[in-house]
Amino acid sequence: NINNGTLHVKNDNGLLVGIDSDLAIRVEQNTTFIRNRLNNSIMRFQVRSGFFDTDAITIKADNNYLGIWKQDPLYSLDVTGSARISGNLIVEGETTNLDVANLFVEDKTIELSRQSTGSFLNDTELDGSGIVIKGSDSDKSIIWNNSTNSFTINTNLNITGTYRIAGTEILSTTTLSSTVTNA
């Protein structure tokens, strides 16, 4: 049948599509549902791009994967293309991997070991924290050592300026400061 006007379903049963009522669209109280009633199936929302239908959103029920512009998502959220979040991003888990060529951070300070509650660890709890650059020959690190109350750097330092302590120049490439009275 052809309908050139508006199709109204004016009952609580909604709209069922398919021989076995595989797709259901209904409103229950103040919530609207679009249900794929096939067990462990895939649901796709497509848009036309030129002459082709393109998967805009793919939902895989068997593993709870959602793809955005991704026909076969491999993660709980799998996005093809750039993503922009106009708000805060909170990532909770054991590991965060960034597979990028360049990482840009606008903030001037990067905080390590800050707890999700906003609290901070004491010096004993911070023991062993720092920055590690992984290498095939050896790791390079700057690590807080609580027992010595200092950072341990496991490689040479190449200082291109002067060496200062508490803002006072102590050593340049050619001169030991006159404020140094014992050596």
Discussion item. Give the lysines whose C-alpha is closer than 25 Å to that of residue 60, dropping any in the same chain fewer than 8 places away, or say none.
Written reply: 70
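Tell me, what does the Kirkwood hydrodynamic radius of segment 80-183 come to in angstroms if you use every pair of distinct C-alpha atoms?
Its Kirkwood hydrodynamic radius stands at 18.4 Å.
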Practice prompt. With a point put 7 Å past each Cα toward its Cβ, work out how far residue 119 is from residue 75 in nm, to one decimal.
Written response: 3.1 nm
Fill in: Surface accessible to a 1.4 Å probe, residue 134 within the full protein complex, Å²
150 Å²
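Which translational diffusion coefficient, to the nearest whole µm²/s, is obtained for segment 1-63 from the Stokes-Einstein equation, given a Kirkwood hydrodynamic radius over C-alpha pairs, 4 °C and 1.567 mPa s? Mind dumping the intermediate values first?
Values: Rh = 14.1 Å.
D = 92 µm²/s.
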Discussion item. On a straight-distance basis, which lysines could pair with residue 140 in a cross-link, Cα separation under 30 angstrom, same-chain partners fewer than 8 positions away excluded?
Written reply: 108
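Assuming 0.36 nm per residue, please report the length gained on full extension of the stretch residue 29 to residue 97 beyond their Cα-Cα distance.
20.3 nm
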Worksheet item: Just how much of residue 180 is accessible, in Å², when a 1.4 Å probe is used and the result is rounded to the nearest 10?
Response: 50 Å²
Worksheet item: With labels modelled as points extended 7 Å from the Cα through the Cβ direction, what inter-label distance (nm, one decimal) is found for residue 126 paired with residue 149?
Response: 1.3 nm
Item to complete: Would you tell me the accessible area of residue 95, worked out with a 1.4 angstrom probe on the heavy atoms of the protein chains, in Å² to the nearest 10?
Response: 100 Å²
Item to complete: Calculate for the chain the 222 nm mean residue ellipticity that helices alone would give, adding -39,500 (n - 2.57) per DSSP H run of length 4 or more and normalising by residue count, nearest 500 deg cm²/dmol.
Response: -500 deg cm²/dmol
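What ranking of 16, 77, 7 comes out by heavy-atom accessible area, probe 1.4 Å, highest first?
Ranking 16, 77, 7 by accessible area, largest first, yields 7, 77, 16.
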Practice prompt. With a 1.4 Å probe and every protein chain kept in, tell me what percent of the accessible surface of the chain is carbon plus sulfur.
Written response: 50 percent
Discussion item. For residue 10, give me every one of the aspartates and glutamates with a C-alpha distance below 16 angstrom, ignoring sequence neighbours fewer than eight places off in its own chain.
Written reply: 28
Worksheet entry | Relative contact order %, segment 5-62, counting alpha carbon pairs below 8 Å whose residues are six or more apart | 21 percent
Worksheet item: Given that just one value was derived from the coordinates, which of (i) 74; (ii) 78; (iii) 63 is percent of Cα pairs over 20 Å apart?
Response: (ii)
Fill in: 152, 32, reordered so the largest accessible area comes first (probe 1.4 Å)
32, 152
Response to the item:
Mean accessible area per residue over the chain (1.4 angstrom probe, all protein chains present, square angstrom) is 89 Å²
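Can you check how the C-alpha radius of gyration of segment 136-181 compares to 2.2 N^0.38 Å, as a plain ratio?
1.50
The values are calculated or read from the model by the stated rules, or taken from the named source; none is laboratory data. In this text the structure is predicted, and so the values were computed from the model without any measurement. With ideal geometry, Cβ positions are generated from the backbone for all residues, glycine too; neighbour counts draw on all protein chains shown. Surface areas here come from the heavy atoms of the whole protein model, side chains and all, with no ligands, DNA or RNA. Shrake-Rupley method; radii C 1.70, N 1.55, O 1.52, S 1.80 Å.
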